[in-house]
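Only one structure is covered here, and it is reproduced in the block below.
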Amino acid sequence: MSGGINPSSPFGGVKQTAGRDTWRIGETTLTSRFFLGTGLFPNPYVQMEAIAASGAEVLTFAIRRVNLEAAEDDSILQHLQDRSFIYLPNTSGARTAEEAVRIARLARASGLSDWVKVEISANERTLLPDPIETLKATEILVKEGFTVLPYISDDPIICKKLEEAGAAAIMPGAAPIGTGLGLLNPYNIGLIVEESRVPVIVDAGLGTASDVTQAMELGVSGVLMNTPVAKAKNPAGMAEAMKLAIAAGRLAYLSGRMSKKRYASASSGLDSFKLQ
Amino acid sequence: MELIINGTTRELEAETLADVVELLGLTGKPVVAEADGLVVTSEAWASTAVRPGMSIELVHFVGGG
């Protein structure tokens, strides 16, 4: 790519990021840094609009019992036929490593994906992840050949343990699931990024575009969101806002932030030429 | 025979897991099955015999984050 701004690319015209800003999870190369959840949308039409606006390549799902009393097909997949996405089933509802492993095996049997988001909540009110059970499940599923992406609290030490256990990416939460509180501990997320040799994806708790930009400015590889898009007044509009926020934060991270100063420093001209 | 399907006891005239899926109107749908705690891929449904009291779970993908 040579000079000039390419309006179709958020990185167009920036020399050090010329070309595609891709990244990898396991053996898979990704272009989008947006993982979108598929819960809580008002209807399938709005959901498909939001998915299209997000540019997401990875979609998350949950696994539940088929409702045998309802004749209609309530599987999410019926709306996504003929589209190519990477499916990231989660293990939501699991309270132990054993339950999460069971759900992961069921998900893989669908033949759609060997990726799994390990999500093990020990507390109904906060849905915060159980780090010990999450580590156990990650160890087991890595050995079984899954591409494991654990959702975990923003603790740098447990994140490192999960990486050592073979997680393909680490997904620390910004805040509890569905709260939209934004990054409660940017310091920890920054440390996790510094320490990690696998991609870091902020998952859960982001509320709006500025939260997403802040996460990306800290150097995370991507974000996973559901509620802030699905529960927006205009989900497709918010999906696009999040996509742009990811691009803005990523570009700011790559371009390098100025250092913070305690006092003013003039940006206009030389003092000696001031009008007297 | 009596089978426990998704936690509920049902009376079904079935010999194989494929019969169960068909009788429940789920043939061709993106459903994953587990019989007595073991995952059974759809290719193996026709060769998986069911027996009275067997616990069968039928799951699928739903919206989630």
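The values are calculated or read from the model by the stated rules, or taken from the named source; none is laboratory data. For clarity, every value in this text was computed on a predicted model and none was experimentally measured. Counting neighbours? That spans all protein chains shown, and the Cβs are built from the backbone with ideal geometry, glycine included. Quick note on the areas: whole protein, heavy atoms, side chains included, nothing else; ligands and nucleic acids left out. Shrake-Rupley method; radii C 1.70, N 1.55, O 1.52, S 1.80 Å.
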Expressed in angstrom and rounded, the centroid-to-centroid distance over alpha carbons for segment A:43-70 and segment B:16-59 is 24 Å
Mind checking the angle between helix A:131-143 and chain A's longest principal axis? C-alpha axes, 0 to 90 degrees, to the nearest 10.
70 degrees
Keeping the other protein chains in place, figure out the carbon and sulfur percent of the accessible area of segment B:2-59, with a 1.4 Å probe.
53 percent
Solvent-accessible area per residue for the protein assembly as shown (1.4 angstrom probe, square angstrom):
51 Å²
Residue by residue through segment A:37-45, what is 3J(HN,Hα) from phi via Karplus (6.51 cos²θ - 1.76 cosθ + 1.60, θ = phi - 60°)? Round to whole Hz and write x for glycine and proline.
x, 10, x, 6, 5, x, 6, x, 5
Estimated distance in nm for a label pair at A:Ser84 and A:Gln276, the labels positioned 7 Å out from Cα along Cα-to-Cβ:
7.2 nm
Using modelled backbone amide H atoms (1.01 Å from N, in-plane), which distant-in-sequence or interchain residues come within less than 5 Å of A:Val118's amide H?
A:Leu149, A:Tyr151
Length gained when the stretch A:Ile157-A:Arg20 is fully extended (0.36 nm per residue, less Cα-Cα span)
46.1 nm
So which GluC sites (Glu not before Pro) in segment A:22-98 pass both tests, a DSSP loop state and at most 14 other Cβ atoms within 10 Å of the Cβ?
A:Glu27, A:Glu69, A:Glu72
Over all residues in A:103-111, what is the mean tally of Cβ atoms on other chains that come within 10 Å of each residue's Cβ?
5
Cα centroid separation - segment A:156-190 against segment A:212-258, whole Å:
16 Å
Can you run phi through the Karplus equation (6.51, -1.76, 1.60; θ = phi - 60°) for segment A:145-162 and list ³J(HN,Hα) in whole Hz, with x for Gly and Pro?
x, 6, 8, 9, 10, x, 7, 8, 6, 7, 9, x, 6, 5, 4, 5, 4, 5
Quote the accessible area belonging to B:Trp45 in square angstrom, nearest 10, computed with a 1.4 Å probe and with ligands, DNA and RNA left uncounted.
30 Å²
Which links in A:Lys117/A:Lys243; A:Lys143/B:Lys29; A:Lys117/A:Lys233; A:Lys161/A:Lys260 stretch past 23 Å when you go from one Cα to the other?
A:Lys143/B:Lys29; A:Lys117/A:Lys233; A:Lys161/A:Lys260
